[in-house]
Amino acid sequence: MSRRFKATKYKNAAPRQQTHPPWIRDLSVGSYNCFGNFIKASAAFTAFNINPTGSQLGVVALDTEGPITGYNVSILNAHSDLVTDFDFSPFEDGLLATCSADSTVKIWSLNLENLNNLSVLTPECATNTKNRRVETICFHPTAECLLSYTSQNALSLWDILHNKELMHDEMIHMDKIVSVSWNKNGELLATSCQDKYVRLVDPRTTEVVATANNHKNDKDSRVVWLGDSQFIMTSGFDSNRMRQIFIRDIRKFDTPVKTIEFQSSTGILIPMHDPDTNMVFLAGRGDSSISYFEFSPTMDDFLIEGYRYNGEQTKGACMIPKRALRVMETEVNRILQLTANSVVSIPYYVPRKTYIDFHQDLFPDTKGTKTSGSAAAWMDGHNGTVFNQSLNPSAPREAPYFLGDGTLRVFKQPLVVRRIEEQASINKIIESGNEDYKKDVPEPRPRKKSLTPCSSFEEVGDDSIIPAGNPQHFPSKFFPVPKPRVGGNTTTSGLRTPSSFISRMAADFSHRSTSFEDTDNHNIEYSSLPDVVTAPPNANKSEEVLNGNFHNNNGHGGASTHVGNGSPGDVAENGNCVEEDELNMSTSDRRKLFESENSSPQGANGANNLSPGARQARVTVAERLKLYQQNTNNGVPGQDENGDHSFEENKTATENPQQSCHESSKMSKSNSNHSSLAASAAKDREFFPAPIAKPERKFTLPKSDPTEKKVDNSSPPNTAFKATKRIDTVFGQVSKYRNFKVNPLHRKYHLENLRNISPTCPGESEAIQANPARVAVPLNTTPGGKLAVFEFSKPGRQPDGVIPALVHGSKIMDFMWDPFDNCRLAVGCDDGRLWIWKIPETGLKEQTNEPEFTIPAHGEKIYIVKFHPLAQDVLATASYDLSIRIWDLDKKEGLFHIPCSEQIQILSLAWSPCGAMLATMAKDSKIRIYEPRVSVQPQLEGQGPSGVRSGRVCWAIDGQFLIVSGFEKNSERQIQMYGVKDLSRVAAYPLDVSPTVLVTFYDEDSSILFLYGRGDSTILAFDITDDVPYLKQVSQHRLTGGHQGIAFLKKNAVDVQNVEFAKAYRLTDVIIEPLSFTVPRVKSEYFQDDLFPPTKVLWEPTMTAEQWINNCNVEPRRISLKPQSMKAVGEIGAGFFKDRNSDKPSTEKVKEKATKSSVSFTNRFNDGFENGDKKQAEQLERAIKDKLEINMTLEQDGMEGVDDEEWVR
């Protein structure tokens, strides 16, 4: 039959091409490895992945007029890892569900009021899939607050209103689920899996209704249900990577009724279907066009192609709800296209002669936001009905609908408010005596199997699920016996959990039933309970409990507790069990309850004075610190009252199962009641809940400092004991730089109008090198290579025309300024030659190709150039000829040749702070340390990051540690810290998944490690310490746009008067801007001597190349950065202003104090202290005068021009 007899009202629907800027522009969208669409929309908001990491979402109100810049987009800090998928609820426009690679699913409540404060927004509820990456998420179409999500091969249903998991199945799918779609009435769920099958699943019965072979390539696929028809559509790839579209009839599910093949491409086709108009849109990831089809189930072709939209390349796409369309303009659909740097709105219009009246034929009644279905009703078999609503603007509206710029938006109360209201209504009905009322909360179905790989306890089967309502017995598997741990030289085994906690587990569960209500994680598995056993609090039975040989009177292998007369510590003899709410308590809640109970006041006999049902608030960090200091005032933790029992002895006694469990309780008390502990431990701790003990966390005493005075154990009990190390370990190390700020300086200091900057600089190079006088950046030229040099003394917009540059004969690989000469530059090229340039003092005026000299250094390209930090004219180069060479630039000859044939390729190289050693990171995942003056063979060798991609290595803490940034095998960026003595890894900090290399810079004075990635817009900072946790993130700052490179300057370039402890220059695509790293201080007019210790003079050489070759090691001298016009904060605290009424201190005393407070003051600082107070008084006087408003005009001055007769009255 001819196509014209099958014409529809939408055959002429066409996209409106964009003639203006995109709706949202200046974004930074990365390439994400997941199966989501990266953008979703409700009738009120649009959310999309943003930034290279993808862990954040950009949220914009849908009715906001464009164009919108990326700087004005609200950022939602959704997860700690990539947001793999997200979805808006079809029944309220502000309810957003997100899932992530961090194994969590979160629910967010958005509204127009909190849109500008999304950075501090907290989720309404969250669930965890236990180290399983969540791939897809989808709301149910008819049951409100019912959410489906998939993780690996598991399919789960979650009632977000009551925070309960209703269904979890891992038996249906054999591989990772990549796409899901509900049918219109919500009965069946279509799934597409990487096992190359498409399935129709009934989640209520966990049965597969139909299954069929899907696309032959398991790379990626999509599935979408075509409205209320009997057809589904899948998109994927065939064996030749040709993109395909299958249309299947569920009545003949085995074979597709229609197959459409497209051109070969790496991007998946994203199908979008409008059930009201049967319009189908196909957006190919990476394509610049979006296709439009009409779906007709009565035609043989099924899909009839319409007009196509052409624009920018697609990252993701979505279709907005019909309630958000401009119906009076005959807009029948709107697609939001996410590109690499923008969001483009693509409206589809049907042309009509008049646009005055509402066209009912184009806009049938659509699905509304009211439904009769709920999660509980759906689980009981009732699908529910979604009521339709008219899109006619003149139609009557009921709450909660309201119009906003032609948009029907719906906002409802938060979930917690609805939960409270529901509970209040339930209580009201129960109080009225209605016995027939049944709480509308669905009961979870038992999990078929748990595949959690990190579980260290026995699996709990279906028979271990406690029935709902009134449980009667604990199953025998409910409390598995912990696995024994065998010591190094012992033949006996002990428990992972401290034995002192076992006698308190029964009281723990009973006490929580009366004092705590779980609101943190309702869908926790019973198989995820802690690795502990319960036992009667009888000290004589501890050995029996340790061996796991205990039975109660009902014959079960596990112990049980009794909930009856209110005694929370009694052990049941009739086998009664605790209630189900007690078992759903999360680990964090148990820890909070344990801390609150342990901080309660004790009586004289050590017993707890709290009632069984009472509970105090959680102890704050300050209170814990005060409590710890009070305990340490009476004795050293880990010793008994005589001081002759160390913690190691207690540890050995605890691991021995023959020892009493009272030995481990000595660690928690200082000097009281030790003699009676064995007889009263169980009784005294009867009301204390047991914490969840982590066996891998061990108490270690502070490392003794040889310079520190020893503590006299014979001192009185009130003598204060200084335990700084221990306090840092317990309460977190506090860095003075934790609140530092990164601010670009004013635009007048920027270098603008930079043209033709090279974006393809090798990964081993930083792409920018700067010193206090000038900066060098590579230019994009072919053939050959040019290096532009700009003077900081000439900031602002650079003139058009030829850029002053250094011309090389081949491509530039790496370059570096001489640390002792601001005019000397070393450049390594891919022809193996080393170029040494001498820049004039006044700067480079024009392009030049005449270096000071060149050295044929290597046979292959040079990709690493590093100057010696202390010795003059010493330079190290690394090349693709698998060698490292060290050069004497004064004599223009090589000093050492280090072959690296076994290492394949050097990825990074760094000199030690003393200049005696070299650290390398190689492509064989090895870290090596060389001493070139001793041997060309590595002195130490250790295992580095497992990935083979590039990285960085640097020294830290006076050369005691190595910091390595690299990749793991799963492409996750990670920071690792190694001890230099044996190259053993002491710490590791995983970050994110990104292709860019993290470049490191370590500031020795502040012990802050800065990291950035090329193309990223963030700068990470870590506090480096020589004790646990070694790596502590202190701050993370986001800048405008991505950076190509950052060059840090030495300490002689910082402005200490503005509390600037670091300074750098940042290269973007078109500008170079200075960055100031400052610490906010109240009294910034004083020199902050705690932030600026005496610094090393690294801008002056300490020895010559010849001295260094002869094994001479000269440490750099240190100077103070204190200006002579400023006073130090430490000097004020030392007594400069102790008595304001006292006489002014003499000049000699001031000079004496200044000399003592500094390590190496120069004479110019002593001269400044003579007039320091006088200058400060003059500055204060000028500041006050500037703030006062002084009017020097007289009253009669304003009377000029007055007539004489006006003076007479």
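The values are calculated or read from the model by the stated rules, or taken from the named source; none is laboratory data. Only a predicted model underlies this, so the values are computations on that prediction, with no experimental measurement involved. Positions of Cβ are backbone-derived with ideal geometry, glycine not excepted, and every protein chain shown enters the neighbour counts. Calculation scope for accessible area: heavy atoms of the full protein, side chains included, ligands and nucleic acids excluded. Shrake-Rupley method; radii C 1.70, N 1.55, O 1.52, S 1.80 Å.
Annotations for the structure displayed:
- Here segment 847-891 is scanned for amide nitrogen atoms under 14 Å from the site 7 Å beyond the Cα of Val802 along Cα-to-Cβ, giving 847-850.
- Pairs with C-alpha atoms separated by more than 26 Å, drawn from the list Lys786/Lys838; Lys40/Lys412; Lys184/Lys353, are Lys184/Lys353.
- Kirkwood analysis of the Cα pair distances in segment 35-387 returns a hydrodynamic radius of 20.7 Å.
- For segment 328-341, the Karplus equation 6.51 cos²θ - 1.76 cosθ + 1.60, evaluated at θ = phi - 60°, returns couplings of 6, 9, 6, 7, 8, 7, 8, 9, 9, 9, 9, 10, 5, 9 Hz by residue, with Gly and Pro reported as x.
- Distance in nm between pseudo-label sites at Asn780 and Arg204 (7 Å out along the Cβ direction from Cα): 5.9 nm
- Distant-in-sequence amide contacts of Ile839, defined by a placed amide H-H separation under 5 Å and a gap of 5 or more residues or a different chain, comprise Arg824, Leu825.
- Inter-centroid distance (Cα atoms) of segment 33-75 relative to segment 909-963, Å: 43 Å
- Dipole in debye (nearest 20) - segment 755-867, about Cα centre, beta carbon charges: Lys, Arg +1; Asp, Glu -1: 240 debye
- When the residues Val29, Val1114 are ordered by accessible surface, computed with a 1.4 Å probe over the protein chains alone, the sequence from largest down reads Val1114, Val29.
- Centre-to-centre separation between the Cα atoms of segment 806-823 and those of segment 999-1043: 26 Å.
- Among Ser192, Gly384, His215 the positive-end extreme of the charge dipole of segment 35-387 (Cβ point charges): His215
- Selection among Val280, Ala340, Tyr355 by position relative to the dipole of segment 35-387 gives Ala340 as farthest towards the positive end (Cβ unit charges, Cα centre).
- Efficiency of FRET from Cβ geometry, Ser971 and Asp357, R₀ 56 Å, rounded to 0.05: 0.50
- With all protein chains in place and ligands, DNA and RNA left out, the 1.4 Å accessible area ranks Tyr32, Tyr880, Tyr749 as Tyr749, Tyr880, Tyr32, largest first.
- A Förster radius of 60 Å, combined with the Cβ-Cβ distance separating Ile1132 from Glu1106, puts the computed FRET efficiency at roughly 0.80.
- Using a Förster distance of 45 Å, the FRET efficiency for Gln1033-Ser372 (Cβ separation, nearest 0.05): 0.35
- In this simple spin-label model, placing a label point 7 Å from the Cα along the Cα-to-Cβ direction at both Gln1179 and Lys219 gives a separation of 6.5 nm.
- Long-range amide H partners of Ser342 with built H, under 5 Å: Leu27
- About its Cα centre, segment 223-346 has a charge dipole of approximately 360 debye under the convention of +1 per Lys or Arg Cβ and -1 per Asp or Glu Cβ, with nothing else charged.
- Packing-based order for 1011-1020, 1025-1034, 80-89, using average beta carbon neighbours within 10 Å, highest first: 80-89, 1011-1020, 1025-1034
- Calculated SAXS-style log₁₀ I(q)/I(0) at q = 0.09, 0.13, 0.19 Å⁻¹ - segment 294-421, Debye, Cα scatterers: -0.40, -0.81, -1.23
- One decimal place: the segment Val416-Asp63 gains 124.3 nm when fully extended, by the rule 0.36 nm per residue minus the C-alpha distance.
- Estimated inter-spin distance, Ala395 and Ser264, nm [label 7 Å along Cα→Cβ]: 5.0 nm
- Cross-link table Lys130/Lys176; Lys794/Lys845; Lys176/Lys923, entries beyond 22 Å C-alpha to C-alpha: Lys176/Lys923
- Per-atom-type breakdown for segment 51-164 gives carbon and sulfur 46% of the accessible area (1.4 Å probe, protein chains only).
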